[in-house]
Amino acid sequence: MLASPFPLRPRDVFEELRRTVVGQDDALRQIAVAVVKHLMGHPAPNLLLIGNSGSGKTTLMRAVEQFLSSRLDLERFANVIRINANVLAEERQGYGKVVLGRLFENAGRLVPGATVAKRIASVERGIVFIDEVDKIRGRVSDTANVRGIVAQEALLTLMENENVEFEVDGQLYGVNSSGILFAAAGAFEELYDDVLRRATIGADVVALKPVVVVSSTGEVREELPFHLRDYVRYDDLFRYGMTPQFVSRFESIVVLNDLVEADLARIFVEPERSIFRTSREYFAQFGVDLQITRGALVAIAWDAARQNRLGARALREGFRRVIGELEFDPAGGAELTDSPRVVMIDEAMVRRAIAGREQGSPRGK
Ligand SMILES: Nc1ncnc2c1ncn2[C@@H]1O[C@H](COP(=O)(O)OP(=O)(O)OP(=O)(O)O)[C@@H](O)[C@H]1O
Ligand SMILES: [Mg+2]
């Protein structure tokens, strides 16, 4: 007889995450499969997410955490925590104890009144997200970075050990940490240039032919069709300062996309907590129905796309300039009424705000 099907399919997780995370479908698919396998008790690969600043790594991890904690039917086995890698360098009590401590605490919150044995069992099936993992390099330039080494070793202890001692109320317990799922994320700033250099002038040269790209505003530029995901190897990460034992425990390396103009436009309006929705809520409090024209949206996304190294964060800065004055005086001096007044953000307003930045005038002017 067939067992009843598992209550969650990778596709369900994917669809849910897509409501918050834009333009990273490939990464979402991989995370979805890993999480579902893990929840089923199936072996699942640890994941290392690499993506430029502002491409959605923290957003993605937060989305998985929120989704799993919102599914009450999963709460017994979805013990998820998210920590900053830097915290692991503070390990005074011993390697890995911070992670185990957080999972143990979380287990108590998920199932109040659970016995210590039950909570330990939940720890052993935990999901641990480690953000900013690139900050725990073991070497920076040619100098050893002790905090980084300590933090990597702390994690390694958990990732490779079947028995880590863990103390609860003065009593020692053995925790088998080999079943915990780890997903770490980092921007690995110089990695892109390092790998590009290796691929274009280093030992394994590949011929990259420039392609001409035309943006929606008519801007023409040449780009090299180089995608980090096609070339990155474990030894690039070793050279970056991650120890081989540590990175090789991440069986799957997932490179996030750089967000393009169309993604940025969607990020600006679509997700539940998007910049535009949040702003509309603010204006609604003053009886104003804030709207935006297609042209204005394209201009905001175009402006954000040309800011280097900011990713979607550039949207926020750009929009501040557009909306600053209106936020100060939402109803334009009019009395608050029951029928909402429509305020439209148009392309000319956005262009003026962008020009203001270029002339160095303060934000919002
Ligand atoms: N792919 C995305 N989908 C939706 N929103 C995004 C995406 N990428 C970035 N954002 C938005 O941009 C902001 C910054 O994103 P996030 O913190 O996830 O970046 P990050 O990749 O973690 O960057 P860093 O390496 O600097 O930590 C968030 O407020 C988020 O709303
Ligand atoms: Mg982040």
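The values are calculated or read from the model by the stated rules, or taken from the named source; none is laboratory data. Since this is a predicted model, take the numbers as computed values, not measurements. Note: ideal-geometry Cβ built from the backbone for every residue, glycine included; neighbour counts use all protein chains shown. Ligands, DNA and RNA are excluded from the accessible area calculation, which covers all protein heavy atoms including side chains. Shrake-Rupley method; radii C 1.70, N 1.55, O 1.52, S 1.80 Å.
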note = The alpha-carbon pair-distance distribution computed for the stretch 261-358, with 5 angstrom bins and whole-percent values, is 2, 14, 24, 25, 18, 10, 4, 2, 0
request  = Could you work out the relative contact order of the stretch 261-358, using alpha carbon pairs under 8 angstrom and six or more residues apart, expressed as a whole percent?
outcome  = 37
request  = For the stretch 116-212, report the accessible area per residue in Å² (1.4 Å probe, heavy atoms, rounded to an integer).
outcome  = 50
task = Past 23 Å, Cα to Cα, is the threshold; run 57/118; 57/97; 97/135 against it and keep the listed order.
result = 57/118; 57/97
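Given a 1.4 angstrom probe, I'd like the percentage of the accessible area of the chain that is carbon and sulfur, rounded to a whole number. Present the calculation step by step, with values, prior to reporting the outcome.
Details: 9700 of 19160 Å².
Reported share for carbon and sulfur atoms: 51 percent.
Looking only at the stretch 49-189, where both bridge partners belong to it, what percent of the DSSP beta bridges are antiparallel (to the nearest 5)?
That works out to approximately 40 percent antiparallel.
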remark   = Note: probe point = Cα of residue 176 + 7 Å toward Cβ; backbone nitrogen < 19 Å; residues of the stretch 21-64 passing the test are 37-46
note = Per-residue ellipticity at 222 nm attributable to helices in the chain (runs of n ≥ 4 DSSP H, -39500 (n - 2.57) apiece, nearest 500 deg cm²/dmol) works out to -13500 deg cm²/dmol
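How big, in percent, is the set of alpha carbon pairs in the chain lying more than 38 Å apart?
On the way: 20467 of 66430 pairs.
Counting pairs separated by more than 38 Å, the tail of P(r) holds 31 percent.
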request  = List the residues whose amide H sits under 5 Å from the amide H of residue 292, counting only those 5 or more places along or on another chain, with H placed 1.01 Å from N in the peptide plane.
outcome  = 345
ask   = Counting only residues 5 or more places away or on other chains, whose amide H sits under 5 Å from the amide H of residue 255 once H atoms are built in the peptide plane?
value = 50
query = In debye to the nearest 20, how big a dipole does the chain give about its Cα centre with +1 on each Lys and Arg Cβ and -1 on each Asp and Glu Cβ?
reply = 140
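Under the 0.36 nm per residue contour assumption, what length would be gained going from the current alpha-carbon distance of residue 293 and residue 105 to full extension? Walk me through the numbers on the way to the answer.
Values: separation 188, 0.36 × 188 = 67.68 nm, distance 4.79 nm.
Extending this stretch completely gives an extra 62.9 nm.
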task = Determine the sum of side-chain charges near residue 145: Lys and Arg each +1, Asp and Glu each -1, restricted to other residues whose C-beta is under 10 angstrom from that of residue 145.
result = +4
Anisotropy class of the stretch 127-259 from Cα gyration tensor, a/c 1.5 cut = prolate
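Report the charge-dipole magnitude of the stretch 1-137 in Debye, nearest 20, computed about the Cα centre from +1 at each Lys and Arg Cβ and -1 at each Asp and Glu Cβ.
Details: 20 positive and 15 negative charges, 43 e Å.
Roughly 200 debye for the stretch 1-137.
Please report the antiparallel percentage of the DSSP beta bridges confined to the chain, to the nearest 5. Before the final figure, lay out each step's value.
Details: 11 of 33 bridges.
Around 35 percent antiparallel, to the nearest 5.
Can you give me the relative contact order of the chain as a percent, contacts being Cα pairs under 8 Å and 6 or more apart?
On the way: 570 pairs, mean separation 64.3, N = 365.
Answer for the chain is 18 percent.
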query = Which of rounded, prolate, oblate describes the stretch 1-132, given a ≥ b ≥ c as roots of the alpha-carbon gyration tensor eigenvalues and a/c under 1.5 marking rounded, otherwise prolate only if a/b is larger than b/c?
reply = oblate
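Find out how many positive minus negative residues lie around residue 289, taking Lys and Arg as positive, Asp and Glu as negative, among other residues whose Cβ is under 10 Å from that of residue 289.
Numbers: positive: 280, 341; negative: none.
So the environment of residue 289 carries a net charge of +2.
Going by average Cβ density within 10 Å per residue, which order do the peptides 172-178, 320-326, 149-155 take, highest to lowest? Each step should come with its number before you reach the end.
Details: 172-178: 15.9, 320-326: 18.4, 149-155: 21.3.
In descending order of packing, they fall as 149-155, 320-326, 172-178.
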